Amino acid sequence: MTSIASSTGRRANGARVTGGSSKILPVNVRQLHRSLVLQELYKQDPASRADLARATGLTRVTISDVVTDLMERDLIEEIGPRPGVRVGKPATLVDIKYDAHNIVCLDLSNENEFRGAVVSLGGEILTRDSIQLDGEKGDKATARVITLAKKLVAAASAPVLGIGIGTPGIVNAEGLVHNAPNLGWTDVDLPVIVSTELDLPTYVANDADTAALAENTFGEGDGSGLILVQISRGVGAGILCDGRLLRGPDGTAGEIGHVKISGDGLLCSCGRTDCLEAHINSPRLRSLIKNQDEETTHRELTLAGQRLGDVVAPIAQALGLHDIVLFGAMELLDGPLRVAAEERVNANTSHFSNKPIVLRMAALDREGVLTGAAAHVLGGELGLS
């Protein structure tokens with residue numbers, strides 16, 4: 001698993017402590033040791049206790065205690081001796097017990113429905129479900145989230161480690177949804193609401209941030225950084241730079257959808273006019289090309305791509321990023337829109353390394369927010385990053 005400092009939401013049944021100069025307690029040291037061992041095993045080859053001691057720098061006695069603890073927690077298991085002929089007693093290998101726990105993940109980014117999945121510790125989607133939104137907003141939309149989460153928890157085949165949610169809007173580091181106009185939410189403490197209903201640790205983050213984390217962790221990101229632009233009911237970006245997810249002091253980094261781009265007077269959901277989001281959100285693009293001929297469709301999607309490119313170019317230039325990922329409806333984005341955006345970005349930036357900026361579709365397609373939500377839970381509950 002690529003090492004990323006993820007932006008998790010609050011562990012709602014145990015407040016997350018940040019800042020300050022608090023004393024390091026023995027429980028913190030034990031948690032660190034568990035995380036080091038799990039990090040070493042996750043998505044890697046099985047290892048012996050001696051291997052883990054060498055890799056983590058911990059003593060063999062400490063490793064033995066940590067491995068015993070993790071086995072009692074049903075997080076790792078012994079899988080047998082190391083294969084091959086060796087002198088002496090062969091070492092016993094241990095590995096993550098990927099099927100011992102499930103993670104419930106919700107994607108609230110789709111324009112017509114909330115999607116969810118039960119995911120294994122290895123990021124494999126085990127079962128799916130969804131619930132139609134039917135234009136609901138505010139408390140009614142929140143009720144749909146709870147209903148879907150309960151259905152998924154009931155469908156889990158193993159104890160649920162936690163719930164991860166990717167949502168549109170401005171979300172702070174603790175998972176509070178400050179503003180999600182398309183869902184009618186203002187200062188909605190979604191982690192507390194969901195965890196109170198289901199009695200499970202709940203992590204909430206912005207959907208574009210979540211998809212960016214997934215693309216870099218499970219997709220085709222190479223760890224050098226990327227900009228993931230999500231286009232759905234809204235438009236936003238998740239930005240990874242120097243191995244970290246950029247959030248900004250108010251959690252608003254990546255809110256590119258609310259950059260003013262024209263003087264047409266088109267009303268945006270935020271209350272202003274002529275935001276990028278108002279012009280290129282998925283429902284509007286669909287309405288512009290519905291029942292149109294090929295030439296008109298090409299023209300409208302090209303214009304949308306040019307507008308997107310004009311907004312993304314200075315961000316890519318300022319941060320020195322070459323990988324720009326589009327996440328959303330393939331039939332809208334992977335064609336004239338993507339090509340026009342890539343051309344506009346490269347025309348408006350200087351390539352100091354002679355490496356052009358590439359716009360590509362997300363490797364995970366519709367799975368990005370779901371698997372990213374799983375990554376947030378893994379980070380918050382197991383220290384995997």
Just give me the residues in segment 128-145 being surrounded by fewer than 14 Cβ atoms within 10 Å (Cβ to Cβ) and either polar (S, T, N, Q) or closer than 11 Å to L108 by Cα (or both), in sequence order. Q132
Out of the residues in segment 36-84 that are touching a residue at least 24 places away in the same chain (Cβ under 8 Å) and among the polar types (S, T, N, Q), which is nearest to A158 (Cα to Cα)? Q39
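In segment 341-370, which residue that is part of a helix (DSSP H, G or I) and more than 20 Å from G234 (Cα to Cα) is farthest from the chain's Cα centre (by Cα)? Spell out how you get there, then give the answer.
Let us first name the residues in segment 341-370 that are part of a helix (DSSP H, G or I), namely 341-347, 365-370.
Then drop every residue that is not more than 20 Å from G234 (Cα to Cα), which leaves 342-347.
Numbers: E342: 24, E343: 27, R344: 27, V345: 25, N346: 27, A347: 30 Å.
My answer is A347.
Please verify whether segment 284-302 includes one or more residues that are of a type in the set (D, E) and modelled with pLDDT under 85.
No, there is no match, as no residue in segment 284-302 is of a type in the set (D, E) and modelled with pLDDT under 85.
Restricting to segment 126-176, name every residue that is of a type outside the set (K, R), in a strand (DSSP E or B) and within 26 Å of V235 (Cα to Cα). Full working, then the answer.
Our first condition is that a residue be of a type outside the set (K, R); within segment 126-176, this holds for 126-127, 129-136, 138-139, 141-143, 145-149, 152-176.
Right, trim to in a strand (DSSP E or B) and you get 126-127, 129-132, 160-167, 170-171.
Passing the criteria: D129, S130, I131, Q132, I163, G164, I165, G166, T167, I170, V171.
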Within segment 242-260, can you find the residues that are farther than 16 Å from V369 by Cβ and under 15 Å from the mean Cα position of the chain (by Cα)? G243, R244, L246, R247, G251, A253
Would you confirm, using the coordinates I've provided, whether V160 is over 19 Å from A253 (Cα atoms) and either modelled with pLDDT of 95 or more or in the same structural domain as V118 (by TED's automatic domain parsing) (or both)? yes
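Each row is one residue, and each column tells you yes or no for (1) buried (at least 20 other Cβ atoms within 10 Å of the Cβ); (2) modelled with pLDDT of 95 or more; (3) not assigned by TED's automatic domain parsing to the domain that holds I231.
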position: T147; (1), (2), (3): no, yes, yes
position: I165; (1), (2), (3): yes, yes, yes
position: P168; (1), (2), (3): yes, no, yes
position: A180; (1), (2), (3): yes, no, yes
position: L183; (1), (2), (3): yes, no, yes
position: V192; (1), (2), (3): no, yes, yes
position: T196; (1), (2), (3): no, yes, yes
Residue among E72, E111, E124 that alone is surrounded by 14 or more Cβ atoms within 10 Å (Cβ to Cβ) and charged (D, E, K, R): E111
I need a count of the residues in segment 17-45 that are of a type in the set (D, E, K, R), surrounded by 10 or more Cβ atoms within 10 Å (Cβ to Cβ) and modelled with pLDDT of 85 or more. 3
Name the one entry in L378, L332 that is part of a helix (DSSP H, G or I), of a type outside the set (S, T, N, Q), out of contact with any helix residue (DSSP H, G or I) (no Cβ under 8 Å at 6 or more places or on another chain) and within 30 Å of L152 (Cβ to Cβ). L378
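Here is a yes/no grid of residues against (1) closer than 25 Å to R286 by Cβ; (2) free of Cβ contacts under 8 Å to residues at least 24 places away in the same chain; (3) of a type outside the set (K, R):
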site: N102; (1), (2), (3): no, no, yes
site: S109; (1), (2), (3): yes, no, yes
site: R115; (1), (2), (3): yes, no, no
site: L133; (1), (2), (3): yes, yes, yes
site: E136; (1), (2), (3): yes, yes, yes
Matching entry among L303, L333, L321 (being within 23 Å of N110 (Cβ to Cβ) and assigned by TED's automatic domain parsing to the domain that holds I227): L333
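The values are calculated or read from the model by the stated rules, or taken from the named source; none is laboratory data. Here the structure is a predicted model, which is why all the values come from computation and not from measurement. Glycine also receives a Cβ, built like all others from the backbone with ideal geometry; neighbour counts cover every protein chain displayed.
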